[in-house]
Amino acid sequence: MNVRYRVQLSTQERVQLVAMVLGGKEAVRRLKRAQILLAADTGSTDEQIARNVAVGTSTVYRTKQRFVEKGLDRALNEAPRPGVPRKLDVSDESLLVAVACSKPPAGRARWTLQLLADEMVSLTEHASISDRSLVDRGRACNRDHAARASGRRSRARSS
């Protein structure tokens, strides 16, 4: 790859990136992109940056390209992924957790995915919700219930 994109950070951008890297409270991908930009600003080659940051040279190239063409924010953050938008928004997911952690309907020992889906349809404005769309969102609550029933602490809660 040619060294086509030259990264020249402003003082403010450099301070922001250094604070981000030293803070360590960001997602790993963002931290690696920040490290790439800081190293590129010092004049390191793509190969050196890739080796030091433990990424591929194409990642270094694309990060530099996004910075030069679209700016710092775009270089650090991922673009939205294509695909079907989520069926449940944040408030719906909160409601789902509340329902799943509540007492199951009379005559039932626990909530099933189909019961949860039916309850969510009755409580929200959704015309239908597939039980498959609830699978990942229901696992954490079920793990908590199983831990409480056995008298153990859930891994999700231990700190």
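Looking only at region 85-103, which residues are of a type in the set (Gly, Ala, Ser) and either in contact with an Asp or Glu (Cβ under 9 Å, 6 or more places away or on another chain) or assigned to a helix (DSSP H, G or I) (or both)? Listed by number, the residues that qualify are 91, 94, 98, 100. Taking residues in region 58-87 that are closer than 21 Å to residue 18 by Cβ, and partners anywhere that are surrounded by 11 or more Cβ atoms within 10 Å (Cβ to Cβ) and of a type in the set (Ser, Thr, Tyr), the pairs with Cβ atoms closer than 7 Å and at least 6 places apart or on different chains are 64/5; 68/5; 75/63. Residue 82 meets all of the listed conditions (1) in a helix (DSSP H, G or I); (2) under 18 Å from the mean Cα position of the chain (by Cα); (3) not polar (S, T, N, Q) but one, namely (1). Is there a residue in region 104-113 that is surrounded by 11 or more Cβ atoms within 10 Å (Cβ to Cβ), modelled with pLDDT of 90 or more, part of a loop (DSSP other than H, G, I, E, B) and of a type in the set (Gly, Ala, Ser)? No, because not a single residue in region 104-113 is surrounded by 11 or more Cβ atoms within 10 Å (Cβ to Cβ), modelled with pLDDT of 90 or more, part of a loop (DSSP other than H, G, I, E, B) and of a type in the set (Gly, Ala, Ser). Considering (1) surrounded by 11 or more Cβ atoms within 10 Å (Cβ to Cβ); (2) of a type in the set (A, V, I, L, M); (3) more than 30 Å from residue 125 (Cα to Cα), the lone condition that residue 99 does not fulfil carries the number (3).
On inspection, residue 48 fails the criterion of being at pLDDT 95 or above and surrounded by fewer than 11 Cβ atoms within 10 Å (Cβ to Cβ). Within region 77-96, if we keep just the residues that are closer than 30 Å to residue 63 by Cα and small (Gly, Ala, Ser), the residue that is surrounded by the most Cβ atoms within 10 Å (Cβ to Cβ) turns out to be 79. Taken across region 142-154, residues that are in a loop (DSSP other than H, G, I, E, B), in contact with an Asp or Glu (Cβ under 8 Å, 6 or more places away or on another chain) and either modelled with pLDDT under 80 or not hydroxyl-bearing (Ser, Thr, Tyr) (or both) do occur, with at least one present.
The values are calculated or read from the model by the stated rules, or taken from the named source; none is laboratory data. These numbers come from a predicted model, not from an experiment. Cβ atoms come from the backbone with ideal geometry, glycine included; neighbour counts cover every protein chain shown.
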